[in-house]
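Undergrad: Here it is, the structure in full.
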Amino acid sequence: MTPEALAERVLYRDADVLVLDKPAGIAVHRAPGAGFTLEPLLPALSFGRKTPPALAHRLDRDTSGCLVLGRHPQALRRLMALFAAGDVDKTYWAVVERAPQGLAGVIERPILKVRRAGTWQMIADPSGQPAVTAWRVLGQGDGASWLELKPRTGRTHQIRIHCAGLGCPVVGDSTYGARPAVGERLHLHARGVRFQLGPNEPAVEILAPPPLHMRPALTACGYEIAEASP
C-alpha cells in the first residue's frame, strides 16, 4: 500500500471527517505483531491540513471497509463520543459457513477478554461485557450464507464471536471455528456507516464496495456484482 493508493480509497471527505475504504490485511495502528499499519500513511490524507487525520475507531486487521477519521481535534473528539455512545449506525457484511436458524434475529452474548498461552483472546462468557448484534440473511448458496450484521455494541471481535455463536463462523475465520483453508481470507466487511456530527449537521451515510476476495462467495449467495464499484 502506497500513500497514493491509500488516497484513492477515500470514500468521503468534508472539512471535519474522512471515511476510508480500509483494505483487508492491514492493521490500523501500531501494536505488537501488527506488521505494516496505516498510521505512517495517514499524512497522505491531510489534503492541505497541517496535521493528518486521526482514527475515530478501529477495524480488525483482516476486516475491510468503512473506517472513519477526524480531520482535526474537535471533530475527532465528537466522532469518538458518537462511537462511544453507540450513535454511529454500523453495517457489516459477512459470508459465513452454513445457514443460521431463521432469517433474522438478535444475538446477545457477553464477551470477555482472557489471557491464554501468553496471549490475549476474546471469548463468549456470561461474566463478560454485554455485546448485542442484530443480523439478517441477505442470500444463500454453495453451503454458505451472506449476512448483514448491525452491532449495537462495539466489543473486540464481536461479530466474529457472534457469528460463531450462531453456528455459522465467518468464512476464513479459523480462530472462531471456520474450516481452515490455505490462503482463504476473512470474509468480513464494514459495509456502511451513518452518523450525524452535530444536531445542525447533515447526516453522513457512506457505503464501501465489497472487496475483491469476497465477491465470488457473495455472487454464489446471490449478490449482483454489477452493482459493485470496481
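The values are calculated or read from the model by the stated rules, or taken from the named source; none is laboratory data. Small disclaimer: the values here were computed from a predicted structure and weren't measured. Glycine also receives a Cβ, built like all others from the backbone with ideal geometry; neighbour counts cover every protein chain displayed.
Undergrad: Check segment 32-43 and report whether any residue there is surrounded by 15 or more Cβ atoms within 10 Å (Cβ to Cβ), under 21 Å from ILE206 (Cα atoms) and under 18 Å from the mean Cα position of the chain (by Cα).
TA: yes
Undergrad: Another one. Yes or no: LEU112 in contact with a helix residue (DSSP H, G or I) (Cβ under 6 Å, 6 or more places away or on another chain), at pLDDT 95 or above and not in a loop (DSSP other than H, G, I, E, B)?
TA: Working: in contact with a helix residue (DSSP H, G or I) (Cβ under 6 Å, 6 or more places away or on another chain): no; at pLDDT 95 or above: yes; not in a loop (DSSP other than H, G, I, E, B): yes.
When the stated conditions are applied, LEU112 does not pass them.
Undergrad: Continuing with the same structure: When the residues of segment 122-138 are filtered to those that are touching a helix residue (DSSP H, G or I) at 6+ places or on another chain (Cβ under 8 Å) and of a type in the set (Gly, Ala, Ser), which remaining residue is surrounded by the fewest Cβ atoms within 10 Å (Cβ to Cβ)? Please lay out each step first, then the result.
TA: So the first thing to find is which residues in segment 122-138 are touching a helix residue (DSSP H, G or I) at 6+ places or on another chain (Cβ under 8 Å), and the list is 122-124, 131, 133, 135.
From what is left, the residues that are of a type in the set (Gly, Ala, Ser) are 124, 131.
On the way: ALA124: 18, ALA131: 25.
Only one residue fits best here, namely ALA124.
Undergrad: Also, I was wondering about something else. Could you figure out which of (1) within 18 Å of ALA208 (Cβ to Cβ); (2) not in a strand (DSSP E or B) isn't true of LYS90?
TA: LYS90 satisfies all of (1) within 18 Å of ALA208 (Cβ to Cβ); (2) not in a strand (DSSP E or B) except (2).
Undergrad: Taking GLY48 as the residue in question, decide whether it is under 23 Å from LEU197 (Cα atoms) and in contact (Cβ under 8 Å) with a residue 60 or more places away in the chain. Break it down stepwise before answering.
TA: Numbers: under 23 Å from LEU197 (Cα atoms): yes; in contact (Cβ under 8 Å) with a residue 60 or more places away in the chain: no.
Answer is no for this residue.
Undergrad: Restricting attention to strands (runs of 3 or more DSSP E) lying wholly within segment 121-230, give those where 2 or more residues are at positive phi and among the basic types (Lys, Arg). Before you say what the answer is, go through the steps one by one.
TA: Values: elements: 132-141, 144-151, 188-195, 204-207.
Qualifying strands (runs of 3 or more DSSP E): none found.
Undergrad: Taking ARG160 and the conditions (1) of a type in the set (Lys, Arg); (2) more than 27 Å from LEU112 (Cα to Cα); (3) touching a helix residue (DSSP H, G or I) at 6+ places or on another chain (Cβ under 6 Å), which numbered condition does it fall short on, given that it satisfies the others?
TA: (2)
Undergrad: Now for a different question. Any residue at all in segment 189-199 that is over 22 Å from HIS57 (Cα atoms), out of contact with any Asp or Glu (no Cβ under 9 Å at 6 or more places or on another chain) and either crowded, with 23+ Cβ neighbours inside 10 Å or not β-branched (Val, Ile, Thr) (or both)?
TA: Going through segment 189-199, the residues over 22 Å from HIS57 (Cα atoms) turn out to be none.
Checked segment 189-199: no residue is over 22 Å from HIS57 (Cα atoms), out of contact with any Asp or Glu (no Cβ under 9 Å at 6 or more places or on another chain) and either crowded, with 23+ Cβ neighbours inside 10 Å or not β-branched (Val, Ile, Thr) (or both).
Undergrad: With (1) over 30 Å from ARG215 (Cα atoms); (2) out of contact with any helix residue (DSSP H, G or I) (no Cβ under 9 Å at 6 or more places or on another chain); (3) surrounded by fewer than 12 Cβ atoms within 10 Å (Cβ to Cβ) as the list, and THR51 as the residue in question, which single condition is left unmet?
TA: (2)
Undergrad: Also: Which one of these is touching a residue at least 60 places away in the same chain (Cβ under 8 Å), part of a helix (DSSP H, G or I), on the phi < 0 side of the Ramachandran plot and touching a strand residue (DSSP E or B) at 6+ places or on another chain (Cβ under 7 Å): LEU59, LEU79? Even if it seems obvious, please write down each step before you answer.
TA: Values: LEU59 fails: part of a helix (DSSP H, G or I).
So the residue among LEU59, LEU79 that is touching a residue at least 60 places away in the same chain (Cβ under 8 Å), part of a helix (DSSP H, G or I), on the phi < 0 side of the Ramachandran plot and touching a strand residue (DSSP E or B) at 6+ places or on another chain (Cβ under 7 Å) is LEU79.
Undergrad: Next question, about the same structure. Return the residues of segment 35-56 that are closer than 29 Å to GLY183 by Cα, among the β-branched types (Val, Ile, Thr) and either part of a loop (DSSP other than H, G, I, E, B) or out of contact with any strand residue (DSSP E or B) (no Cβ under 9 Å at 6 or more places or on another chain) (or both); say none if nothing qualifies.
TA: none
Undergrad: Now a separate question. Taking segment 82-116 only, how many residues are without any contact (Cβ under 8 Å) to a residue 24 or more places away in the chain and surrounded by 14 or more Cβ atoms within 10 Å (Cβ to Cβ)?
TA: Result for segment 82-116: 2.
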